[in-house]
1. Which of the residues that make up the stretch 340-358 are surrounded by 22 or more Cβ atoms within 10 Å (Cβ to Cβ), out of contact with any strand residue (DSSP E or B) (no Cβ under 8 Å at 6 or more places or on another chain) and not β-branched (Val, Ile, Thr)?
2. Within the stretch 410-424, can one find any residue that is under 22 Å from MET314 (Cα atoms), part of a loop (DSSP other than H, G, I, E, B) and either in contact with a Phe, Trp or Tyr (Cβ under 9 Å, 6 or more places away or on another chain) or free of Cβ contacts under 8 Å to residues at least 40 places away in the same chain (or both)?
3. Which one of these does CYS433 not meet: (1) in contact (Cβ under 8 Å) with a residue 40 or more places away in the chain; (2) more than 25 Å from VAL526 (Cα to Cα); (3) surrounded by fewer than 20 Cβ atoms within 10 Å (Cβ to Cβ)?
4. Consider LEU436 carefully, then state whether it is assigned to a loop (DSSP other than H, G, I, E, B), among the aliphatic types (A, V, I, L, M) and on the phi < 0 side of the Ramachandran plot.
5. Please specify each residue of the stretch 366-391 satisfying the condition of being out of contact with any strand residue (DSSP E or B) (no Cβ under 6 Å at 6 or more places or on another chain), in contact (Cβ under 8 Å) with a residue 12 or more places away in the chain and over 11 Å from ALA473 (Cα atoms).
6. Quick check: anything in the stretch 338-348 assigned to a loop (DSSP other than H, G, I, E, B), under 24 Å from TRP414 (Cα atoms) and at pLDDT 95 or above?
7. Looking at this structure, is LYS264 among the basic types (Lys, Arg), crowded, with 19+ Cβ neighbours inside 10 Å, within 17 Å of LEU340 (Cα to Cα) and out of contact with any Leu (no Cβ under 6 Å at 6 or more places or on another chain)?
8. Test GLU85 against the stated conditions and say whether it is closer than 21 Å to TRP497 by Cα, without any contact (Cβ under 8 Å) to a residue 40 or more places away in the chain and either surrounded by 19 or more Cβ atoms within 10 Å (Cβ to Cβ) or acidic (Asp, Glu) (or both).
Amino acid sequence: MLNQIQGRVPRRYVALVVFFAFVALFLWRGFDVVPRPSTVGRFKYVPSSYDWSKAKVYHPVKGMKGLPQGTPVTFPKVQLRKHSETEDATSNARKQAVKKAFIKSWEAYKTHAWGMDQLQPLSGNGKETFSGWSAQIVDALDTLWIMDLKEDFFLAVKEVAVIDWATTKDSNTINLFEVTIRYLGGLLAAYDLSQEPVLRAKAIELGDALYATFDTPNRLPSHWLDYSKAKKGEQTADDSMSGAAGGTLCMEFTRLSQITGDPKYYDATERIKQFYYRFQNETSLPGLWPVTMNFRDEQIIETRYTIGAGADSMYEYLVKMPVLLGGLDPQYPEMAIKALDTARDHLLYRPMTPKDENILMAGNALVDHGNIQRFYEMQHLTCFAGGMYAMAGKLYKRDDYVDIGSRLSSGCVWAYNSFASGIMPEAADLAGCKSLDGPCPYDETLAPLSHDPRIPPGFLDIKSRHYLLRPEAIESVFYMYRITGDQVWRDTAWQLWENIIRETETELAFAIVEDVTVSRGTNGDVMETFWLAETLKYFYLIFDDESVIDLDEWVFNTEAHPFKRPRV
């Protein structure tokens, strides 16, 4: 008997050690050690392994700002028509061609990179680029739904329902901007389209995690969310962060508040808006914000201005937030109009071209002691601006904006047509005319022919020869067609399509182009997730009936994820 008792004592100690270890782990993991699967809607749902809604808040919100209340206003119509006037066999055939390219890309991803963030279309591998949460799956959800690929949509949702937002595969930090526009935007749009409740549940989980980025002394965020710092209350806002990184969160966080009724998400990005609003007329180029700003000390010192990289979608969201909020916030349209007018006067330019085309481009400016130095750069990223100006023109009854939008869109089409590949490069320098309007005869002393025969007339230097499968040109062409109803924009889209497919198609899928100055040149082993989320979606929609994602009922985020507009 004594021997039996002595044999049991160690096991009791072991049991106690295991018990206390379990309790410690339970407390450390945020009250959710082993996520318990359940069923949400028709899908098995596994919560993330850390519940950020229960995390300690080190810098509590003072004066929570709720969504603006009231009856939504009636905006002027954005689209010319609600439906196509006749069934067009040519447009339908073109739409099916786009769908075929999507299916080829999607099937290659399913076969070679399923569950990873991105497909490598040459090697047939997958790679992690945005935290390892199946970025391509989430980014493509709404395109699958719009293209009526419902079987694959539900297959994708099944995968999304078990994503663990608490663990990352590629780094220890989360890119707030990219994760918000691709993942959170993708979940919200797919939920708005399908009403699948598990997508809402996963959006809330992710929103709670991203909300932790705002737990700083002044409640402004960092570009990077470090989970370990957030759990210790050690985060601070960035002292240098791009305007786009901070200004391209409000649509997603606002929509999350709208579908949940929880004001905290809207409050988070409303504070960024108030920071921007306070300084819009105090910058060295009043009306615009420089590329980077000090969010930590709430100061604006830098003096470079653009609507390209680092700033682009910040301005886009100023135009789109009014419709998402039902016109109940007067600050957004005020900011948008002021910014668009200032950009017109100081960033937009007419490029000097051999045939004196009546087109526009968006360049950059540097302000030095009140002197504004202009740079006639062309970025593929700025090609979104045509659609932005045209949409603003319809919303705010500004015909001059619609005209600017048309000329900006035509400028990017001209750039595509200028190169041997039929695709414009990522960035280039051009010669600028003295004014936006009036004749601008070609002057070879200002725009000399390059010694490189691959550089077309009008271009001074090609700074980046890549084409990254970007959507911005077709995005603006899509807006121009929906707004004007002019068939020329559909025909233009098809011309762009044929060029892009010829230059990017590989055996497996589609890949970036290394050098657009030559035709059928070298491709790179990259297929960005926005190829399925944006580029193919805009191409598909321009050939689809106008009732599909009606711009008077939906508003796109910057990753082309449609959010439902409030009903009047």
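1. LEU340, the sole residue that qualifies.
2. Taking the stretch 410-424 first, the residues under 22 Å from MET314 (Cα atoms) are 411-412.
Within this subset, residues satisfying the condition of being part of a loop (DSSP other than H, G, I, E, B) are none.
No; the residues of the stretch 410-424 include none that is under 22 Å from MET314 (Cα atoms), part of a loop (DSSP other than H, G, I, E, B) and either in contact with a Phe, Trp or Tyr (Cβ under 9 Å, 6 or more places away or on another chain) or free of Cβ contacts under 8 Å to residues at least 40 places away in the same chain (or both).
3. (3) is the only condition that CYS433 fails.
4. Details: assigned to a loop (DSSP other than H, G, I, E, B): yes; among the aliphatic types (A, V, I, L, M): yes; on the phi < 0 side of the Ramachandran plot: yes.
For LEU436, the condition - assigned to a loop (DSSP other than H, G, I, E, B), among the aliphatic types (A, V, I, L, M) and on the phi < 0 side of the Ramachandran plot - is met.
5. Let us first name the residues in the stretch 366-391 that are out of contact with any strand residue (DSSP E or B) (no Cβ under 6 Å at 6 or more places or on another chain), namely 367-371, 380-381, 383-384, 386-391.
Filter again for in contact (Cβ under 8 Å) with a residue 12 or more places away in the chain, leaving 367-368, 370, 380-381, 383-384, 386-391.
Hits for the stretch 366-391 are VAL367, ASP368, GLY370, MET388, TYR389, ALA390, MET391.
6. Within the stretch 338-348, the subset assigned to a loop (DSSP other than H, G, I, E, B) is 347.
With the extra rule that they be under 24 Å from TRP414 (Cα atoms), the set shrinks to 347.
This time we only want the ones that are at pLDDT 95 or above, so: 347.
Checking the stretch 338-348: at least one residue is assigned to a loop (DSSP other than H, G, I, E, B), under 24 Å from TRP414 (Cα atoms) and at pLDDT 95 or above.
7. Values: among the basic types (Lys, Arg): yes; crowded, with 19+ Cβ neighbours inside 10 Å: yes; within 17 Å of LEU340 (Cα to Cα): no; out of contact with any Leu (no Cβ under 6 Å at 6 or more places or on another chain): yes.
No; evaluated as a whole, the condition is false for this residue.
8. Working: closer than 21 Å to TRP497 by Cα: no; without any contact (Cβ under 8 Å) to a residue 40 or more places away in the chain: yes; either surrounded by 19 or more Cβ atoms within 10 Å (Cβ to Cβ) or acidic (Asp, Glu) (or both): yes.
In short, no.
The values are calculated or read from the model by the stated rules, or taken from the named source; none is laboratory data. What you see is a predicted model, and the numbers here were worked out from it, not measured in a lab. With ideal geometry, Cβ positions are generated from the backbone for all residues, glycine too; neighbour counts draw on all protein chains shown.
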